[in-house]
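Colleague: The structure under discussion is supplied below as structure tokens; questions concerning it will follow.
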Amino acid sequence: ARQVPGALLERCRLLWLRDKGHRAVMELQQMLDGAAQPEDAALQHQRAKEMLQLTQWMAAVGQGHKDMLCANYEDAIQLDGAWEKAHFSYAVYLDSLYRDAKQREGKPAASKGMDRLSGRSRVRTPDDSPLDYLPQTLEHYGESIRMGHKHILQSLPRLLTLYFEFGSKMAAAKTLNQKLRNAHTQVTGVLRGLLRTIPPYKWLLVLPQLTSRICHPQQDVQDFM
């Protein structure tokens, strides 16, 4: 039965449902470590599902550094770049890193370096900036929107909220440091690309959100509108 594609993943999911999360992670990790690179498209998609599930479980149990988890998400996307769920899941993870970094902004140095569990998780987040994650977060929310419709009611409103918040930050900044300038260049590039590649009918789903920001104080956001 283990030779049937997907059989081991289902076994690991059963372990997870029985509150044996660490064992589920271990068995799935061992299977992926010993598996050959799939060449068939169907097997590549199955491998992407296994890699994505492993990464989500690792994040849930606090196992693995964020760089490792990001690399795993990117491996899943490389295996099946047209899979909406892979892009959406990666965007959600990056969004969580963005929110964690944003919460730490402006806090005393002693409180920085803590994860969102105040240091109780085994995964500690370094002294980073929300801008380190914003462009990629927008990019993968955008890719998930391009690839399908299943998560669009979550991904599209969140993408716009992040973009409008960034525009407000730009408008309120008295001076633009290099990090903010670089983020502005990247974010603008991502949004311009999405305007070209996302069909117009998908934007209609968030028409009220778009029209509510017509008078946004930042010029790039006005141009985007």
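The values are calculated or read from the model by the stated rules, or taken from the named source; none is laboratory data. Here the structure is a predicted model, which means the values were calculated and not measured. Because the Cβ atoms are built from the backbone with ideal geometry, glycine has one as well, and the counts that use them run over all protein chains shown. Ligands, DNA and RNA are stripped out before the accessible areas are found, and what is left, the full protein with its side chains, is counted by its heavy atoms. Shrake-Rupley method; radii C 1.70, N 1.55, O 1.52, S 1.80 Å.
Colleague: Would you mind counting up the charge near Pro217? Only other residues with Cβ under 15 Å from its Cβ, with Lys and Arg at +1 and Asp and Glu at -1.
Modeller: 0
Colleague: Top to bottom by accessible area (1.4 Å), largest first, where do Asp67, Asp220 land?
Modeller: On the way: Asp67 95, Asp220 40 Å².
From most exposed to least exposed: Asp67, Asp220.
Colleague: Okay, next question. With percent of Cα pairs over 26 Å apart defined as stated, name the option among (1) 40; (2) 32; (3) 45 computed from the structure displayed.
Modeller: (3)
Colleague: Here is a further query. Take Gln222 and Met68, extend 7 Å from each Cα along the Cα→Cβ direction, and tell me the distance between the two endpoints in nm.
Modeller: Here the modelled spin labels are 4.9 nm apart.
Colleague: Based on the Cβ-Cβ distance from Gln186 to Glu39, what FRET efficiency comes out when R0 is 41 Å, to the nearest 0.05? Please list the in-between numbers first.
Modeller: Details: r = 34 Å, r/R0 = 0.83.
E between Gln186 and Glu39, to the nearest 0.05, is 0.75.
Colleague: For the range 1-106, which trypsin sites (Lys or Arg not before Pro) pass both filters: DSSP loop (anything but H, G, I, E, B) and at most 12 other C-beta atoms within 10 Å? Before the final figure, lay out each step's value.
Modeller: On the way: sites: Arg2, Arg11, Arg13, Arg18, Lys20, Arg23, Arg47, Lys49, Lys66, Lys85, Arg99, Lys102, Arg104; in loops: Arg2, Arg18, Lys20.
Those that pass, being in a loop and sparsely packed, are Arg2, Arg18.
Colleague: Along the Cα-to-Cβ line of Ser129, 7 Å from the Cα, sits a label point; which residues in the range 170-197 have backbone N less than 17 Å from it?
Modeller: 170-189
Colleague: While we're looking at this one, here's another question. Out of Gly106, Gly64, Gly142, any idea which swings most in a Gaussian network model of the chain, alpha carbons joined below 10 Å?
Modeller: In this elastic network of the chain, the residue with the biggest mean-square fluctuation among Gly106, Gly64, Gly142 is Gly106.
Colleague: Stretched out fully, how many nm does the piece from Arg11 to Tyr201 gain, at 0.36 nm a residue minus the Cα gap? Mind showing how you got there, number by number?
Modeller: Values: separation 190, 0.36 × 190 = 68.40 nm, distance 4.04 nm.
Extra length from Arg11 to Tyr201 when fully extended: 64.4 nm.
Colleague: If you don't mind, another one. Out of His140, His87, His22, any idea which swings most in a Gaussian network model of the chain, alpha carbons joined below 10 Å?
Modeller: The residue that fluctuates most here is His22.
Colleague: OK, next. Can you give me the accessible area per residue for the range 164-210, using a 1.4 Å probe, in Å²? Show your work: numbers first, answer last.
Modeller: On the way: 2910 Å² over 47 residues.
Counting only protein heavy atoms, the per-residue value for the range 164-210 is 62 Å².
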